[in-house]
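These notes concern the structure reproduced below.
The values are calculated or read from the model by the stated rules, or taken from the named source; none is laboratory data. Please read all numbers here as calculations on a predicted model, not as lab measurements. Using ideal geometry, Cβ is built from the backbone for each residue, glycine included, and neighbour counts are taken over all protein chains shown. Note: accessible area is taken over every heavy atom of the protein model, side chains too, but ligands, DNA and RNA are not part of it. Shrake-Rupley method; radii C 1.70, N 1.55, O 1.52, S 1.80 Å.
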Amino acid sequence: MADYMKICKRDQSTINECVRDSVQSLRPHLVSGIPEFQVPSIDPFYIDEIIAISGELAPLKAKAKNVKVSGASNYTVKNVDVNLDTFAIRVIFRFPKLHLEGLYQLDTQILVIPLRGQGNFVADAIKCDADVQITNKIYEKNGTQYIKFQSVNVEIDMKDYRLRLYGLFNGDKTLEEATNEAINQNRGEFLQAMKPYIEKTTAKVLLDTANRIVNSLPLDQIFPKP
């Protein structure tokens, strides 16, 4: 096992702190990627498409494509809970800042003003907490037990974010500035509409990364019996 991966014994009194330290110690390696486990860099990682459709406060149809997300490796592990009976794991991460950039298409209405456009966008999300819950199964291969992460559920709590759209009103800077300010004043609805897609993509990245790391490691090597 790589020297940066901590060995955590199956002891309920120490397992949570040990796993937390292990996940925290992976940070610098997730920036460059982990070639021995075929894990690519997660900073940045990419989201092919985010779709936001809502009509609670105003009709909203928005799409973001080719979204580059930076800052994912700069996390802090706030809490870990490992159930040694089922090997279910819950981890709460804090991301101080995530930077997103990509392409957008927008069709919405703010107050009585219809707003349509497409172009580049940038966004900064501040103090994001991700509550990650992982279910697992233990399987046997050639007489040796291994662990496989079956599903990941992610719930994201974003304290605040700022969004900037470019290319509105054919480059009219005055209208563009006013519209971006109006969008940010109503950013709560935008966030609620986008969250399911962001959470789903984040879960997919985490599930793939976690399974690549443990795929070739026997259970007794990851979590040895005391």
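Here are some notes:
- Some residue of the stretch 198-205 being in contact with a Cys (Cβ under 9 Å, 6 or more places away or on another chain), touching a residue at least 24 places away in the same chain (Cβ under 8 Å), crowded, with 17+ Cβ neighbours inside 10 Å and under 26 Å from Ile92 (Cβ atoms): no
- Restricting Ile213, Ile183 to those that are surrounded by 15 or more Cβ atoms within 10 Å (Cβ to Cβ), aliphatic (A, V, I, L, M) and modelled with pLDDT of 80 or more reduces the list to Ile213.
- Residue that is farthest from the chain's Cα centre (by Cα), among those in the stretch 107-127 that are open to solvent by 60 Å² or more (accessible area, probe 1.4 Å) and at pLDDT 85 or above: Asn120
- Residue pairs whose Cβ atoms lie under 8 Å apart, sitting 6 or more positions apart in sequence or on different chains, and linking a residue in the stretch 165-185 that is within 21 Å of His99 (Cβ to Cβ) to a partner that is among the aromatic types (Phe, Trp, Tyr), are Leu165/Tyr104; Leu165/Phe121; Tyr166/Phe121; Glu176/Tyr166; Glu176/Phe169; Ile183/Phe190.
- Remark: Ala130 matches the filter, which requires a residue to be within 22 Å of Ser70 (Cβ to Cβ), small (Gly, Ala, Ser) and at pLDDT 90 or above.
- Of all residues in the stretch 133-142, exactly one satisfies the criterion of being within 30 Å of Tyr161 (Cα to Cα) and touching a Lys or Arg at 6+ places or on another chain (Cβ under 7 Å), namely Gln133.
- Within the stretch 70-100, the set of residues being open to solvent by 30 Å² or more (accessible area, probe 1.4 Å) and in contact with a Pro (Cβ under 9 Å, 6 or more places away or on another chain) comprises Ser70, Asn74, Thr76, His99.
- Per the conditions (1) closer than 27 Å to Asn120 by Cα; (2) in contact with a strand residue (DSSP E or B) (Cβ under 9 Å, 6 or more places away or on another chain); (3) open to solvent by 80 Å² or more (accessible area, probe 1.4 Å), the sole criterion not satisfied by Thr174 is (2).
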